[in-house]
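Notes to accompany the following structure.
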C-alpha cells in the first residue's frame, strides 16, 4: 500500500488569452496621397493584480510611411499609443488571485495593422493583437511514496564480470586481418 505525501510547489494555476481589435485615427496635418507602409514597433506591456483581475497596461509605436504633394515627397509619422486591458483569469481548484501570485503576460500575436484608410489628412487604422496571461501560484501535488524503498543496489561485481566475459567471447581478433586483404 502506497503512502501519499503532499508537496507544495509553484505551478500555473490559471491561464487565458485575450484578442483585441482597436480603431485609431491619426491626423498627419498634411494631405496624404498614398500610405506606402504601416508598421508597429516597441510593444511593451505588463500585468498586475487589481481586486482579483489582471490589469494589463501597454504601449506601442505606430509608424506610417506616406506620400504627399502629388506623390513627389514622402514622410514617416510616428505616434505612441497607450492601452489598458482588463482580463479575468479563471483559476484552477477555486483559487483566488492574490498579491503573492506571479502574473506572466505574453504577446501571442504582436499588434499589427489589418486595415488602413486615408481621409484627407487623417489615417484610419485597425490594429489587432492577442495577449496571453498565466498566473503562477502555490499549489499542492500528491505523490505516492513507496514504503521501505532502498535505491542502493547490492554488489553486482559477479554480474559485471559475466557481461565482460560475454563481450570478450564475441570479439573476433582476426576481423581486421580479413578486411585489409
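The values are calculated or read from the model by the stated rules, or taken from the named source; none is laboratory data. Model, not experiment: these values are computed from the prediction. Every residue, glycine as well, gets a Cβ built from its backbone with ideal geometry; the counts of neighbours run over all protein chains shown.
When residue 82 is evaluated against the numbered criteria (1) within 30 Å of residue 9 (Cα to Cα); (2) loosely packed, with under 15 Cβ neighbours inside 10 Å, which criterion, by number, is the only one it fails?
(1)
Residues checked against (1) under 13 Å from residue 60 (Cβ atoms); (2) assigned to a helix (DSSP H, G or I); (3) under 22 Å from the mean Cα position of the chain (by Cα); (4) modelled with pLDDT under 95:
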residue	(1), (2), (3), (4)
76	no, no, no, yes
80	yes, no, no, no
86	no, no, yes, yes
89	no, no, yes, yes
104	no, no, yes, yes
133	no, no, yes, yes
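Count, please, the residues in segment 47-71 that happen to be at pLDDT 90 or above, within 25 Å of the chain's Cα centre (by Cα) and outside any strand (DSSP E or B).
Selection size over segment 47-71: 0.
Among the residues of segment 57-68, what is the count of those that are closer than 16 Å to residue 104 by Cβ and surrounded by fewer than 19 Cβ atoms within 10 Å (Cβ to Cβ)?
Total satisfying the criteria: 1.
Would you point out which residue out of 17, 5 is assigned to a strand (DSSP E or B) and either at pLDDT 95 or above or within 18 Å of the chain's Cα centre (by Cα) (or both)?
On the way: 5 fails: either at pLDDT 95 or above or within 18 Å of the chain's Cα centre (by Cα) (or both).
Testing whether each residue is assigned to a strand (DSSP E or B) and either at pLDDT 95 or above or within 18 Å of the chain's Cα centre (by Cα) (or both) leaves just 17.
Out of curiosity, is residue 99 touching a residue at least 12 places away in the same chain (Cβ under 8 Å), assigned to a loop (DSSP other than H, G, I, E, B) and surrounded by fewer than 11 Cβ atoms within 10 Å (Cβ to Cβ)?
It is true that residue 99 is touching a residue at least 12 places away in the same chain (Cβ under 8 Å), assigned to a loop (DSSP other than H, G, I, E, B) and surrounded by fewer than 11 Cβ atoms within 10 Å (Cβ to Cβ).
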